[in-house]
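Take a look at the structure below.
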Amino acid sequence: MNQFKPIFLGAADPRSEMATYRRVVNSQKCVRAGGKHNDLEDVGRDVYHHTFFEMLGNWSFGDYFKEEACIMAWRLLTEEYRIPPERLYVSYFAGDATSGLPADEETRHIWLSMGVPSDHLLPFGMKDNFWEMGEIGPCGPCTEIHYDHIGGRNAASLVNADSPDVVEIWNLVFMQYNREADHSLRSLPQFSVDTGMGLERLVTVLQGQRSNYDTDLFTPLLSAIQQSSNCPEYRGRTGEADVGKVDMAYRVVADHVRTLSVCIADGVYPGMSGAELVLRRILRRAVRFSTEVLQAPEGVLASLVPTVAHILIYFIYFQIMDIINENEAQFLSSLKQGRRVIDRTLQRLEKNDTLFPVPVAWSLHRNLGFPLDLIGLMLEEQGLSVDQRALDVLAIENEKVQTSGDTLVHLDLHSLAQLQSGEVPHTDDSPKYHYSLTQDGKYVFQPCHATVQALYCGQTLVSEVAGGQRCGVVLDRTCFYAEQGGQSHDQGYFIRDGLPDVLYPVEDVQLAGGYVVHQVTAAEVLRKGDQVQLYLDEPQRLACMVKHTATHVLNFALRQLLGSSVEQRGSHVAADRLRFDFSGSLSIPQLQEIERSIHNIITENNAVYIEEVPLARAKDIPGLRTVDEVYPDPVRVVSVAVPVADLYDSQTDRWTSVELCCGTHLLTTGEIGDLVIISERQMVKGISRIVAVTGDDAREVCLICVLSQAVDCTPIPQWKRRELQTRLKGLQRTTNTSIRKLETKEVSQAHNPIVLSNVALSASDWALTVCVRLGGNAGGSATVAKGTGSVANLTEALRCAEEYAQDKTQNRC
């Protein structure tokens with residue numbers, strides 16, 4: 001009902017088509033896997049819950065109300081669909097004294113007048129018969145129609161009792177109230193009707209089945225799963241009868257691949273927040289049941305997408321298969337490792353233990369990406385559970401850490417001096433460069449074993465830290481890249497020797513006086529002298545390598561186009577994007593030329609040569625570009641296409657990208673895949689900022705542009721053109737939202753004070769103008785003022801201030 005919310009609240013734009021709606025019928029795709037209405041954990045356990053379903057609805061906006069809605073629903077079911085009336089049961093709102101809501105006697109009398117027997121008419125309270133979408137918003141009493149799959153009995157006691165044989169098929173909601181922020185109820189300006197009937201449950205009734213999964217919406221999928229997995233065929237069992245949970249796995253995979261296909265087709269991809277995170281959980285749940293329970297090989301999940309497309313018709317599936325395959329591959333190695341962790345932990349538990357260790361469960365979630373509900377399900381299969389309250393505490397503490405931006409890894413001067421006076425050797429971080437490229441194009445990162453040299457907690461060096469504490473860990477050697485040179489730090493975890501089941505997450509890595517300090521939340525006790533095995537988050541590291549090499553290529557392309565006068569003024573490399581600041585600006589043709597130049601270098605798949613040379617020797621390289629920073633001696637030289645030794649040869653006529661750089665890089669340019677500049681704007685006068693994406697992200701941006709042009713220019717029926725244009729606009733909105741997130745990701749949002757002092761202008765007026773534009777406020781005198789505002793980059797605040805000053809100065813002149 002969300003799209004019609006403005007009508008319910010009387011807030012629809014009177015100039016819009018929506019404001020004219022009085023009666024509407026529709027069918028819409030729905031996903032219930034998060035928030036208040038969440039069916040995810042029920043899917044597979046029974047035969048009628050789904051994460052994705054199609055909702056059939058009819059709506060009245062100030063037109064017909066209770067009587068007409070009930071009559072139309074009953075007539076459709078019993079006369080048009082010829083469902084036996086004796087199998088139908090109707091519930092209505094019984095009232096709620098706490099909320100001051102009376103029983104819905106009007107609806108009860110309507111049903112009685114239509115001939116519904118009184119023993120088929122049942123009252124229920126707020127939980128079942130008062131419909132609310134969320135904490136606030138339109139709501140009201142509802143009346144539900146339930147169907148008995150068995151028949152020939154009185155099944156009134158099974159209504160709303162979670163019986164698989166007596167299920168709700170249609171809900172008629174009477175929108176009468178709005179739930180306010182203070183939880184009170186206020187009458188809506190006009191009463192409306194919102195009904196919803198699940199297509200899957202209706203088809204089950206009309207096809208004479210007792211399970212949604214036995215209808216032709218699912219049987220082709222179940223057959224495809226059986227053929228791909230070589231499991232026994234689906235038999236529809238539930239509960240204890242479903243030995244090994246094989247049939248549950250069939251239902252989970254069938255349901256989840258439908259959800260994945262439809263969401264990805266609509267531009268929602270598995271990710272790390274919001275709806276994308278929910279989809280990631282669904283995918284990982286499907287992967288686990290497919291590979292572990294059904295013993296299906298990798299790739300089966302994606303192979304089911306064409307079957308989904310054949311059933312549902314309305315999307316093209318090739319890109320969807322690629323996305324599912326990619327995400328499945330990412331999770332499979334974690335799933336296998338997590339299964340080993342669980343199995344080893346079970347072996348060490350006492351016979352009567354029923355609780356699984358919380359630190360191990362949390363490390364599975366935090367470090368291997370296991371959804372918490374999936375962990376609970378896997379443990380339930382072993383007759384175990386985990387202390388949910390303790391897990392919630394860890395989740396809350398982790399959220400505080402993530403949002404506060406606090407870090408403990410910066411060694412203070414006294415602790416740094418202690419390390420040096422104690423003759424603790426500097427960290428050998430050369431293993432961060434120990435990786436190679438195989439013939440099949442995969443990067444292999446060498447394992448790294450290390451010794452804990454020092455622990456830093458509460459601004460002091462300690463000999464051990466307890467489980468749950470955040471601390472800085474100094475190792476004798478590390479393969480983790482510490483944040484420097486504009487490149488983000490690595491992530492990952494390490495495992496303590498003798499404790500292979502517990503993962504210590506590495507959340508931040510910083511360099512301090514020659515020591516690499518790893519910020520870790522200790523899952524168990526950690527002591528100085530402990531031996532640990534280090535594990536990189538390889539996809540995150542590889543993504544940073546892609547962006548860093550792409551940054552060098554971008555810098556070179558800019559110099560080729562704009563000349564040697566262009567200067568780098570800053571850059572930042574992260575897993576999801578690169579940012580590059582430079583002197584000057586670019587026109588549209590120049591942006592196109594830059595991208596063409598970069599694409600050529602990527603297509604050539606040039607080798608990237610990296611060599612450590614004395615600093616004085618490096619400065620003799622012709623055409624070498626440096627930035628204003630102190631370089632180590634010796635220094636690493638990164639050269640594209642030309643071996644470092646050949647750079648000194650005056651006969652070498654090839655101009656190429658060559659820079660001094662401590663970062664990690666690809667070994668060939670072809671691994672960049674593609675690069676698209678998604679933002680280029682002037683930050684301050686004379687300085688512009690480029691934000692770019694690479695690989696699949698870049699290809700997605702290009703694909704939307706190509707599809708839009710094709711839809712606009714290809715002779716096709718106009719209705720189909722508009723339908724495709726609407727869907728492409730949705731994809732474009734999703735992409736634009738991602739771009740805006742990338743642009744504002746430089747600095748986490750904070751309320752930064754702005755202090756302005758002047759003699760020519762009114763400081764209070766100046767501050768107020770700037771801070772209001774930044775969503776804040778300001779005050780002060782004519783000479784000094786200060787204020788607050790929510791900004792993603794302080795440069796934006798300075799730009800606003802400069803514009804105001806220039807405008808006022810020009811007006812005075």
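Bear in mind that the values in this text are calculations on the coordinates, not laboratory data. These numbers come from a predicted model, not from an experiment. Note that we place each Cβ from the backbone using ideal geometry, even for glycine, and neighbour counts take in every protein chain shown.
Worth a mention:
- For the peptides 72-82, 543-553, the ranking by mean Cβ contacts within 10 Å, running from highest to lowest, is 543-553, 72-82.
- With a simple spin-label model that places each label point 7 Å from the Cα along the Cα-to-Cβ direction, the separation between I610 and L199 comes to 5.1 nm.
- Near-label residues of region 576-603 by backbone N, under 16 Å of a point 7 Å along Cα→Cβ of V566: 579-602
- Residues listed by number, region 499-525, amide nitrogen under 16 Å from D387 label point at 7 Å toward C-beta: 523-525
- Inter-probe distance in nm under a simple model that places probes 7 Å from Cα toward Cβ, at A329 and T656: 2.8
- Extension gain, Y631 to E276: 0.36 nm times the residue separation minus the Cα-Cα distance gives 123.7 nm.
- Net charge contributed by nearby residues that have their C-beta within less than 13 Å of L349 (K/R +1, D/E -1): -1
- Subtracting the Cα-Cα distance of F318 and N398 from 0.36 nm times their residue separation leaves 25.0 nm of extension gain.
- Pairwise FRET efficiency - E41 versus K127, Cβ, R0 = 22 Å, nearest 0.05: 0.80
- Theoretical gain in end-to-end length, D13 to Q484 [0.36 nm per residue, Cα-Cα removed]: 164.4 nm
- Protection proxy ranking of 244-250, 555-561, 113-119, 270-276 - average other beta-carbon atoms within 10 Å, highest first: 244-250, 555-561, 270-276, 113-119
- Cross-link pairs K336/K528; K127/K245; K442/K619; K66/K127; K245/K442; K442/K528 - those with Cα-Cα distance over 28 Å: K336/K528; K127/K245; K442/K619; K245/K442; K442/K528
- Two-decimal Rg/Rh across region 514-626, once Rg and the Kirkwood Rh are taken from alpha-carbon atoms: 1.09
- Per-pair calculated FRET efficiency, R0 = 56 Å: R237 and D649 via Cβ, rounded to 0.05: 0.15
- Alpha-carbon centroid distance for the pair region 278-316 / region 142-161, whole angstrom: 33
- Relative to its residue count, region 216-344 spans a Cα convex hull of 111 Å³ per residue.
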